Amino acid sequence: METQNELSAIERKEVINKYRSLLKSSKNIFNKEDLKEVRTAMLMALSRKKEIRRKTGILSAVHSLDVAQIVGSEIGLGRTSVTCALLYDLLRNDDMEKHEISEIFGENVEAIVSGLLKVRELYDKDTSIETDNFRKLLLTFAQDVRVILIIIADRLQVMRTLHLLDEERQHKIAAEVGYLYAPMAHRLGLYAIKSEMEDLVMKFTNREMYSFIAKKLNETKRARDKYIGDFIAPLKKELTDMGLKFDIKGRTKSIHSIHNKMKKQNTPFEKVYDLFAIRVILDSEGNTEKPDCWKVYSVVTDKYQPNPSRLRDWLSIPKSNGYESLHTTVLGPEKKWVEVQIRTNRMNEVAEKGLAAHWKYKGGSGEKGMDEWLSNIREVLENPERNAVDFIDDFKLNLYDEEVFVFTPKGDLRRLPKGATILDFAFDIHSEVGKKCTGAKINGKHVSIKHEVSNGDHIEIITANNQVPRPEWVNIVATSRAKTKLKQTLREIEYKEAEFGKETLVRRLKNWKMELTDQLTHQLVKHFKTKSINDFFRDVSTGAIDVMSVKEFILHKDDKESEKPIEEIASLKSATNFVVQEDEESQSSDVLMIDKNLKNVDYSLAKCCNPIFGDDIFGFVVAIGGIKIHRKSCPNAPEMRTKFGYRIVNAQWTDGASASFQATLKVTGTDDIGIVSNISQVITKDMSMKMRSISIDSNEGSFEGSVTVFVNDTNVLNTLIRKIKNVKGVYAVSRIDRA
C-alpha cells in the first residue's frame, strides 16, 4: 500500500500549494482557533489515509483540498464545513473512529461528517447514485443542509476532473449531475456553480454542440466586447454624475443557456442576440439598497427603450432561495435586445453563494424559504411506500425554477411553482383543504380547481364536506406536496374500497354456502381481467363487477375446459432472446455491436431521438421489445441513466456497416414561390436521396416545415443540412428528434 512518504516531490509540492491556497482564500472567515482546527484536520487527512488515490488517479488529499476550497471560497461556508470536507475520507477508510472526531472537533463536525459518510457509502458501489438508494441519499441531505452543500462541492470537483475517467463513467456521472445536482444548486441559490455544472454536463454529453458554441463565442468575442463597451459607456457617465458607487460589466451567458435558447427558438447561433447580460452592482447598504437599484433602473430605461413584459422585480418579493435582483430587457444599439441585471454587492454575493450568504448576513430573506423547502422535502420523504421512480419525480418538483406569488384572503404571501393550479394552492394551505376543494374565487370570480394561478392573485378556496379526491387530480397538480398527499389519500381510499368489496363478496358467498379461497380469488382476477386482487375487490365494491356474475362463474367453472385458462408467463429473457415488437423495424445485426460479450441481440431504434449511423449511442434494456438504441444526446438520456442506470448497455456502430436510417429536419425560411421545389430538388436530385415526407406551414410571409429523408450516416445528413441552408430564402435547418 502506498504511503504518504512515498509521494513524489511534485505531489508533495502540489498538496502544500493547495493547502496554502485554501488558507489564503479562507483568511477572512477563519480566526486563529479556526485555522488551528483546519490545520489539525489537514495533517490528519494527509498522515492517516489508507487509500490515497481516487479512480481518476488524483490523490485523495488533493481532491479533499479542492473540495474544501470550493466549500470555503466558492460557496462561502465556514470552519465547520471546511473541516468536514477535509475529514470525511478518514471515516470512509476506517482511518479514524467517529468518537475521535467528536472528541477533537466537537459533535457538530462529527454529525456532518457522519452524514457525508452515509452519502459516500451509497457511492462506494458505483460512481453514481441509482434509484434504489435515492431515498437514503435525500434523507441524509434533509438532516443538515451543509451535507448537501459539501456534496455539491464534491460533485463539482468530480466534474472538473471528469476527463480523467473513461467515457462510460463520464456519461453516467454527467447525467446524474445534470439531472439532480445542477437543479439542486440552482434551488439553493448557487447560480455560478449551477451554470458551471450545466456547461460541464453538456461538454461530456453533447461535446460536438458544446465545442461549436464555444468556438463561436471565441470568434465573436471582439465584436461582443465592443458592443458591451458602447452600451455601458453612457450609463457609466450618468450613474457617476448621480454620485452612485457601482461596478458595471457585461457577462457572457453560459454555453448551456445559449444552447437552450437555440433549441427553444429554433434558431442558429448567429440569430441568438442575447448572448450576454449587463450587470450593474451597487455599493449600497441598508435602507438605500432598493431605492438605489430603482434609480439605476430609471437611468437604464431612460437611455434605452424597455420591454415592459420582461421586467422581473425580485427586490419587492425575492425568490424563495433568497435571490434578489432587478431584471429588465432593453433595446440597445443596432436594435438588439439586451438584458440588464441590477443588484447590490450583498445581493450579488447571495446570488453567487446562495444559502451560505444568508447565514453571513443573518436573517437574509432566503432563510425562511430554505427552511420551508427542507420541510417540504422531509414531508415527501415521510411515506416509505412510495414508488422509487415517482419519488424521484416528486423530489424534482421541489427544484422548480420559476415561481409565482399569490395571496390568501388574509393577505399572507404564498410561493408556488409556475404552472401551479388552484388545487396546488389548496394543498399548500392544508392537506384537508386540498382534499375537499371544489374550486376558488379570484378577485370575486369563480374558477375551477384546474385554473392556473398568476402573480398577485388573491385566492379564496371553496370546499365541500362531501368532496373526495379523484385519481385524475394527480394530473392537475404541479407541486410535490400536493402529489404526495393526493397519492397517499387515493391509496387509502382504494384500500378501504377493496376491504369493503372483499367483505361484501365474502358475506354474499357465505349466504350461498360458498367459500372465498386464495385459489378462487386468483381465478376470479384472471376471469374478470383485473390488474390485481385489490382492483378486483374495488370493482366489486363500486359495482363494476356484479356479485351475481361472480356466483355464475363459480357455479359453471367446473363445466368449462377453461377452468384453468392458459396463462402467458412472461419468462425472464436474456440479452440473446429479446424479441422486437412487430411494429418496429429491427436493423440488421451487423450494423450494431451491443456490449462486448453479447451476440445476436435483437434491438430497435428509439423513436424519441431517431439515432442514425455515426451518432454516439447507448442501449437501454426495456421490459418489452428487447433493447432500444438511443443517442447519447437524447433528451431522455439523463433521466434514463439516473433512474435506470443498471439497464444501460454499451452500443456502437459496426465499421463499414450499410443500412438506411430515417432522419427528420426542421426548415424555416421566407415563403417564396418554388422554395419547396428547390428543397425537394436538393434532396432527390443533388443528393440522390429518398424522401419519405415533406410538410410546409406558411404564416405571414414565412414558412416552417419538416422533411423526413432516408440517409446512410451522419456525414451524409450533415452534407444535406449544409446544402439546404444554401437554398435561397432558407433561414435555418436543424435535425429534430421525433419523426
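Taken together, the values in this text are just the output of simple stated rules run on the coordinates, not laboratory data. As the structure is a computational prediction, the values presented were derived from the model and not from experiment. Backbone-built Cβ (ideal geometry, glycine too); neighbour counts: all protein chains shown.
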- Message: I'd like to know how the range 147-205 sits against the 2.2 N^0.38 Å rule of thumb: what's its Cα Rg over that expected value?
- Response: 1.01
- Message: List the pairs from Lys36/Lys118; Lys607/Lys690; Lys450/Lys496; Lys24/Lys215 whose alpha-carbon separation is above 31 Å, in the order I gave them.
- Response: Lys24/Lys215
- Note on the structure: Rounded to one decimal in Å, the inverse mean reciprocal Cα-Cα distance for the range 487-563, i.e. its Kirkwood radius, is 12.8
- Note on the structure: Using alpha-carbon coordinates alone, the radius of gyration and Dmax of the range 482-522 in Å work out to 14.5, 46
- For the range 427-522, what mean projected area does the convex hull of the alpha carbons give, in nm²? 8.4
- Query: Could you list log10 I(q)/I(0) for the range 618-739 at q = 0.11, 0.12, 0.23 Å⁻¹, which the Debye formula gives when each Cα is one point scatterer?
  - Reply: -0.48, -0.56, -1.28
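Using 1/(1 + (r/R0)^6) with R0 = 56 angstrom and r between the beta carbons of Thr161 and Ser693, what's the FRET efficiency to the nearest 0.05?
That pair, Thr161 with Ser693, gives E of 0.75.
Taking the Cβ of Phe620 as the center, what net charge do the other residues with Cβ under 10 Å away carry, scoring Lys and Arg +1 and Asp and Glu -1? Could you put the intermediate results ahead of the total?
Details: positive: Lys628, Arg641, Arg647; negative: none.
Value of the local net charge: +3.
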- Message: How much length would be gained if the chain were fully extended between Asn307 and Lys496, taking 0.36 nm per residue of separation minus their Cα-Cα distance, in nm to one decimal?
- Response: 62.5 nm
- Residues whose built amide H sits under 5 Å from the amide H of Phe246, excluding neighbours closer than 5 in sequence, are Asp283
- Item | Whole-angstrom gap from the range 683-728 to the range 408-475, using each part's C-alpha centre | 48
